[in-house]
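Okay, structure first, notes after.
The values are calculated or read from the model by the stated rules, or taken from the named source; none is laboratory data. Everything numeric in this text was worked out from a predicted model, so none of it was measured. Heads up, the Cβs are rebuilt from the backbone with ideal geometry, glycines too, and the neighbour counts pull from every protein chain shown. Only protein heavy atoms, including side chains, enter the accessible area calculation; ligands, DNA and RNA are left aside. Shrake-Rupley method; radii C 1.70, N 1.55, O 1.52, S 1.80 Å.
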Amino acid sequence: MRLILCLALLCVGSVAAAETINWPGVGKVTLTASDGWEVESRVSGTDALSLLVRPKSEAAAVGQFTIIHAKPGREFTRTSAENNFRASLQQYVDGSVEKKANIQLLELARGYGWHCRFTDANLVGKPPVPGDYKYVDSALAVIDPAFPMIATLQFDDPTGPKQAEMLAMVRSLQISFDASAQPVAPARSVLIRKSGDRLDIIHNRAPAMLRIEKSRLVEATDQVGLNESDSYFILTDSGGDTVSGWFEPADKYPGLKKLWETESDKAGTNGVPPGRDVAFLKVGDWEVVSYDFAVGSGTSANYRAESVKFDTWIDLHLSITSKSSLETLHQHLHDLLLQIEVRSNSEPPPKPI
């Protein structure tokens, strides 16, 4: 099970174990770890802080902790946190030995949480592979309603001490907030409007809008606040589809190949694996780059789709993860994208984006 992190984290720095990590604009994060671990911190402004932990020995284990600063109005309740955690586990279920999520309560020094272990069915009985792990413990720790932490703990030996040591680090994490810290998120500018089976995505200052007829997609309200852009939206459905994207001014579009070059340069450094089987396509009026990557014993199929109409650049990311064939997954994304129509926003915007 390969580590997948969907956040761009900047300003890399290393810290010694059992030290305090400064999070400018937020406060201080403390982590208790033994001397046998190396800890690296990465900060993305006041939006996120990530910790990558590895044993100094050759033991096959790695832990990724990401604390996210949720936007005002997007703070977690216990119910929304648990629902979000359960949904996040579905990426592991099909490729696991367990075939279901056996969720356990996670006791924390502060806050509450859950964790769940999966065994990669594709790796059972095989020798260790560097960078691929037979077991994963996924955890969600709500240190504070506005500061959930996602933890992915991967290891090859379920009887060894490394998994327990990483879980102890999760339990030990605490945040001391700066009294002067203020929310910096802009107000949202995107409206998701549902009318029967029809779904409209409208930016209040964009000349263009999106319409999807006969859509089962709904807004993923627990995730939309995790992106700093006020024009960001993310939709999911029960079948595993995810559609996310942004509205931007048309003159900001660099072209598909230039955009993909920029995204490819980030792959591997931000925790997202590089895409394989990359292809440039034309789907209806959309310019598309398609790519895949492995998730457990399944595949994540992805479309990055671009449209420039009505003085607006719309950047979409469509994805689905399944054990189905690549041909089936790509046909599904192709059909889904054809359902998404760029239309003129009926109300003239008061000013450009």
Inside segment 33-79, the number of residues satisfying the requirement of being hydroxyl-bearing (Ser, Thr, Tyr) and part of a strand (DSSP E or B) is 4
Hey, Thr262 part of a strand (DSSP E or B), within 29 Å of Arg42 (Cβ to Cβ) and at pLDDT below 95 or not
no
If you take the residues of segment 177-196 that are open to solvent by 70 Å² or more (accessible area, probe 1.4 Å) and at pLDDT 85 or above, which of them is nearest to Leu316 (Cα to Cα)?
Leu191
So which residues in segment 230-262 are open to solvent by less than 40 Å² (accessible area, probe 1.4 Å), more than 20 Å from Leu210 (Cα to Cα) and either in contact with a Cys (Cβ under 6 Å, 6 or more places away or on another chain) or β-branched (Val, Ile, Thr) (or both), if there are any at all?
none
I'd like to know if segment 19-33 contains one or more residues that are under 14 Å from Ile150 (Cβ atoms), modelled with pLDDT of 80 or more and open to solvent by 30 Å² or more (accessible area, probe 1.4 Å).
no
Please work out which residue is farthest from Glu327 (Cα to Cα), limiting yourself to segment 279-310 and to residues that are of a type outside the set (D, E, K, R) and not in a strand (DSSP E or B).
Phe310
Being closer than 25 Å to Ser44 by Cα, open to solvent by 80 Å² or more (accessible area, probe 1.4 Å) and charged (D, E, K, R), is that true of even one residue in segment 107-130?
yes
What about Asp137, is it under 19 Å from the mean Cα position of the chain (by Cα) and free of Cβ contacts under 8 Å to residues at least 60 places away in the same chain?
yes
Give me the residue from segment 38-81 that is among the charged types (D, E, K, R) and touching a residue at least 40 places away in the same chain (Cβ under 8 Å) and, out of that set, most open to solvent (accessible area, probe 1.4 Å).
Arg78
